[in-house]
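Just below is one structure, and these are the notes that go with it.
The values are calculated or read from the model by the stated rules, or taken from the named source; none is laboratory data. These numbers come from a predicted model, not from an experiment. In this analysis, Cβ positions are derived from the backbone assuming ideal geometry, glycine residues included, and neighbour counts consider all displayed protein chains.
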Amino acid sequence: MKLARIGGDEFLVVLETLDDELHAGKVCEKIIECFSKPIETKEHQLNISLSIGISIFPDDGQDYATLLKHADIAMYQAKNAGKNTFRYYQDQLSVDVQKRLDVEQAFKGAIENNEFYMMYQPKYTLADKKIIGLEALVRWESKHLGFIAPDEFITIAEDTGFILELGLYIFKQSCKDFLIFKGHSLDLKRISINISAVQLYQETFINDIFSIVDELGIKPQCIMLEITETYIMKNIEHSMKVLNECKEVGFNISIDDFGTGHSSLSYLKKFPINELKIDKSFIDGIPDDQNDTVITQSIIGLAKNLGYETIAEGIENEKQEEYLANNGCMLGQGFHFCRPKTKNDLIEFIKIDKNPS
Ligand code: C2E
Ligand code: CA
Ligand code: CA
């Protein structure tokens, strides 16, 4: 690392080797941290704030002048964003890196501040359109970044390990809400909770979730764990072990996004599965796209032969519903029936649905 003073209060740091772009940000965090406490002199206490701009060779410039100019632009962006922060020079790549860093930062304290909340989407029997279960879907209204969709933040939460803490929070919240739904005499067999692969790799996972249901007095049979096919097929040995352990203590298992993860059929029958969830990408093309109808029919047939239930996700219209019901799909879920709703909205919705005026 080289340090130079290039103007009155401007300094230049050169990092000659970088493992990846994020490393530059980590160095900035350390520099900012060094100045986070006031500096004491004999007579004064000096509070120093700094703003840092980052430009990276060769993407942000091939020569010294361009790199410096871009670092300068980034520094002004950092200044505008408030004191004691840093910014990467904003070409598209840097926008993505910065967004990731912002999300990582915003995770801190977000659970404690109640920024995460749950929405629930009903699962219907297609034969008689009764609600038999709910899927819990997390939402995040960040104090710093506003609303962020789960598709955007779940991967980052997985990469940083934050999903372990968040996953347990989601699990507990969903279980508590399930009791509230039952308290309103809503006739629900179970609640489905999405589980990330990262959680399944944690040794204590099953114990942790079992303690939660045990403490709340919920039977594990009322909980369906939604696990993606991609995880299962990527790590057959590990997933077999974990799924068997889940099953042993009584949890139900649903294979999410089924049809996208290249299942090996010989393994599929050995897994302790209760439900296959046909991925929305196939439901989208029903009933007109021949590939999608053939795949959907095969999944329904396969599930029947193996003794699993099938559910279709992402049903958006009557034609899809009709086709699926006529072709033996047991369950369905989608905007056509009901969008995900907050706990209170869903309680109202189900009451009205059951007793239409
Ligand atoms: P997923 O598990 O496949 O969830 C289904 C997604 O499709 C949900 O999006 C749901 O709101 C949406 N959806 C349901 N019906 C329809 C429909 O008819 N049309 C369309 N276009 N979309 C529909 P959401 O809530 O944004 O979640 C996206 C993904 O984020 C989920 O996909 C899941 O992978 C992840 N996710 C959401 N909540 C959680 C959670 O609590 N834990 C974990 N680990 N992942 C979660
Ligand atoms: Ca799901
Ligand atoms: Ca899905």
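Annotations for the structure displayed:
- Flag for residue 116 being touching a residue at least 40 places away in the same chain (Cβ under 8 Å) and under 25 Å from the mean Cα position of the chain (by Cα): yes
- Residues of region 129-153 that are surrounded by 20 or more Cβ atoms within 10 Å (Cβ to Cβ) and closer than 21 Å to residue 172 by Cβ: 133, 134, 135, 136, 138, 140, 153.
- When the residues of region 318-342 are filtered to those that are without any contact (Cβ under 8 Å) to a residue 40 or more places away in the chain and under 30 Å from residue 117 (Cα atoms), the one that is surrounded by the fewest Cβ atoms within 10 Å (Cβ to Cβ) is 335.
- In this structure, residue 117 does satisfy being within 30 Å of residue 274 (Cβ to Cβ) and surrounded by fewer than 18 Cβ atoms within 10 Å (Cβ to Cβ).
- When residues of region 243-259 are limited to those that are polar (S, T, N, Q) and crowded, with 20+ Cβ neighbours inside 10 Å, the one farthest from residue 203 (Cα to Cα): 254
- Boolean, residue 212 is under 20 Å from residue 120 (Cβ atoms), without any contact (Cβ under 8 Å) to a residue 60 or more places away in the chain and within 14 Å of ligand 1 (Cβ to nearest atom): no
- Index of the failed condition, residue 309 passing every other in (1) within 20 Å of residue 120 (Cβ to Cβ); (2) modelled with pLDDT of 95 or more; (3) within 15 Å of ligand 1 (Cβ to nearest atom): (3)
- Residue-level check: of (1) at pLDDT 95 or above; (2) more than 25 Å from residue 119 (Cβ to Cβ); (3) within 16 Å of ligand 1 (Cβ to nearest atom), residue 276 misses just (2).
- Check on residue 78, under 35 Å from the mean Cα position of the chain (by Cα), within 30 Å of residue 171 (Cβ to Cβ) and of a type in the set (A, V, I, L, M): no
- Looking across region 54-91, just one residue is at positive phi and polar (S, T, N, Q), and that is 84.
- Residue in region 225-242 that is modelled with the highest pLDDT, counting only those that are buried (at least 21 other Cβ atoms within 10 Å of the Cβ) and aliphatic (A, V, I, L, M): 225
- Residue match in region 28-40 (condition: touching a strand residue (DSSP E or B) at 6+ places or on another chain (Cβ under 6 Å), of a type in the set (Gly, Ala, Ser) and either surrounded by 12 or more Cβ atoms within 10 Å (Cβ to Cβ) or in contact (Cβ under 8 Å) with a residue 24 or more places away in the chain (or both)): no
- Inside region 261-317, residues that are more than 15 Å from ligand 3 (Cβ to nearest atom), polar (S, T, N, Q), assigned to a helix (DSSP H, G or I) and surrounded by 13 or more Cβ atoms within 10 Å (Cβ to Cβ) make up a count of 2.
- Candidate set: region 73-114, residues that are assigned to a strand (DSSP E or B) and out of contact with any Asp or Glu (no Cβ under 9 Å at 6 or more places or on another chain); chosen: the one surrounded by the fewest Cβ atoms within 10 Å (Cβ to Cβ): 85
- Some residue of region 210-221 being exposed (fewer than 14 other Cβ atoms within 10 Å of the Cβ), of a type in the set (A, V, I, L, M, F, W, C) and more than 16 Å from ligand 2 (Cβ to nearest atom): yes
- Helices (runs of 4 or more DSSP H) (entirely within region 200-256) containing at least 3 residues that are more than 16 Å from ligand 3 (Cβ to nearest atom) and not aromatic (Phe, Trp, Tyr): 205-216, 236-249
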